[in-house]
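The structure appears below as C-alpha cells.
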Amino acid sequence: MYTSHFGLREVPFGITPDTSFFFTSPHSQEALNTLLVAARSGEGFIKITGEVGTGKTLLCRKFMATLGDDFVTAYIPNPYLETRTLMLALADELSLVLEKDVDQHQLLKAITHRLVALAQEGKRVLLCLDEAQAIPIESLEALRLLTNLETEKRKLLQIVLFGQPELNRNLALQSIRQLAQRITFHYHLGPLTRDDVEFYLAHRLRVAGFAGARLFSRPAVAALYAASGGIPRLVNILAHKALMLCYGQGKQQVSRRHVSEAVRDTISARRPRWPWLAALALTLAAGGGLTWALNT
C-alpha cells in the first residue's frame, strides 16, 4: 500500500465511518450543533437528511460520541424492520433480557419499565436510526407512540432519524402526520464546497500522519471537486485511487491526470461536461491505466 511512500500512518481516505477523521465543515458543524441542542432540550424527534455519501453515518457516530454520560444511546443501523422486530432491537440496545416467546404487550411493558428506571437514575435515552428512509410506516407510527412516554418534565425516549431525502416523502404521508408535526429540529446535510474539499483533503491527510507539503496539486483538487460534486464519499474514493496511481508511478504529488484516471475507473463519478475534456482525459489515461497501478 502507498502509506509508507507518502509518510502516512494509515490510509486517509477510507469509506468506513471513523470519528477520528470527522471534518468540521460549515454543514457538518451546523448539523452537529443542531443535534446537540435538540438532544439537550429534550425534543422527542430530530431529523437529519442528506444525499447518499454526505456523511450521515459519520455524523451520527460523532454525535453519539459527543454526548455526555447523562445520555444512554441506542443505535440501529438498519431499521428496515417490522414493528415487533424493531422493538426487539431497541430492547436489545437497552440491554433488556427477555423471554424467548415474549408477547407484544410484555415487550412494550419491559421497554417502558427500563426507560422509567433510567430516567430515575438521571439518564436520558436517545435512539439513533440510520437509513431511516427504509423504516416501514407502521414502525414509524410505533416509534411515535413510544415517544409519548414522559415524566412531568421530559420525554423518556428521544429519537433521531438519519435518512436520505426520501425520508421527507415518507413523513409527508397523511397517515403519520402526527409524527411529522413532532419534528421540531431538522437539518439537511449538503455537499462540500470547492474550498471545503481543499480543507477536507488536508484534514484527513493530517489525521493520517502526513507532515509534508501539498500532496494534491491545485488542479487535482479542482478535478476532485468537479468529479465528486463535493460528496465526501466520492471524494474519498477518488482521492484513494488517485494516491494509488501516484504511488504506482513513483510520484510524490497527485496531479490532475491521476484524478482523471481515477474518475474513469469510478462509475458514480461525474464525467466532464465538455467533449474535449473527456477526450483529453482519455488521452492522458492511455498507457498507464488504473488496473496497472492497482497491481503494482
Mean projected area (nm²) of the alpha-carbon convex hull when the chain is viewed from all directions
18.3 nm²
Under the Karplus relation with 6.51, -1.76 and 1.60 and θ = phi - 60°, whole-Hz ³J(HN,Hα) for the stretch 29-37, x at Gly and Pro, equal 5, 4, 5, 5, 4, 4, 4, 5, 5
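Using 0.36 nm per residue of separation minus the Cα-Cα distance, give me the extension gain between residue 100 and residue 181 in nm, one decimal.
Roughly 25.6 nm would be gained on extension.
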Sequence-distant residues sharing a close amide H with residue 188 (under 5 Å, placed H)
49
Please list, ordered by chain and number, the residues whose modelled amide H lies under 5 Å from the amide H of residue 75; skip anything fewer than 5 residues away on the same chain.
128
Using r as the Cβ-Cβ distance of residue 51 and residue 137, and R0 as 22 Å, what FRET efficiency do you calculate, to the nearest 0.05?
0.45
Percent antiparallel among DSSP beta bridges (both partners in the stretch 26-189, rounded to 5)
5 percent
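With both partners inside the chain, how many of the DSSP beta bridges are antiparallel, as a percent to the nearest 5?
5 percent
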Where does the Debye-calculated log10 I(q)/I(0) of the stretch 26-189 sit at q = 0.12, 0.18 Å⁻¹, using only Cα point scatterers of equal weight, no solvent?
-0.49, -1.15
Roughly how tilted is helix 232-248, in degrees to the nearest 10 and between 0 and 90, from the longest Cα axis of the chain?
30 degrees
Below 8 Å between Cα atoms, with a sequence gap of 6+, how large is the relative contact order for the chain in percent?
25 percent
What whole number of Å gives the distance from the Cα centroid of the stretch 51-121 to the Cα centroid of the stretch 235-273?
40 Å
Order these peptides, 88-96, 243-251, by their mean beta-carbon neighbour count within 10 angstrom, highest first.
243-251, 88-96
Whole-Hz Karplus couplings 3J(HN,Hα) for the stretch 118-126, θ = phi - 60° and coefficients 6.51, -1.76, 1.60, Gly and Pro as x, run 5, 5, 5, 7, x, 9, 9, 10, 10
Sparsely packed GluC sites (Glu not before Pro) within the stretch 144-226, loop by DSSP, other Cβ within 10 Å at most 13
152
Helix 194-207 sits off the longest principal axis of the Cα atoms of the chain, rounded to the nearest 10 on a 0 to 90 degree scale, by 80 degrees
HN-Hα J couplings of the stretch 85-92 from phi, Karplus 6.51/-1.76/1.60, θ = phi - 60°, integer Hz, Gly and Pro as x?
5, 5, 5, 5, 5, 5, 4, 5
Taking amide H atoms as placed 1.01 Å from N in the peptide plane, list the residues 5 or more away in sequence, or in a different chain, whose amide H sits under 5 Å from that of residue 124.
71, 72
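Only the coordinates and a few stated rules stand behind these numbers; no lab work does. Source: prediction; values computed, not measured. So basically every Cβ, Gly included, is an ideal-geometry build from the backbone, and we count neighbours across all protein chains shown.
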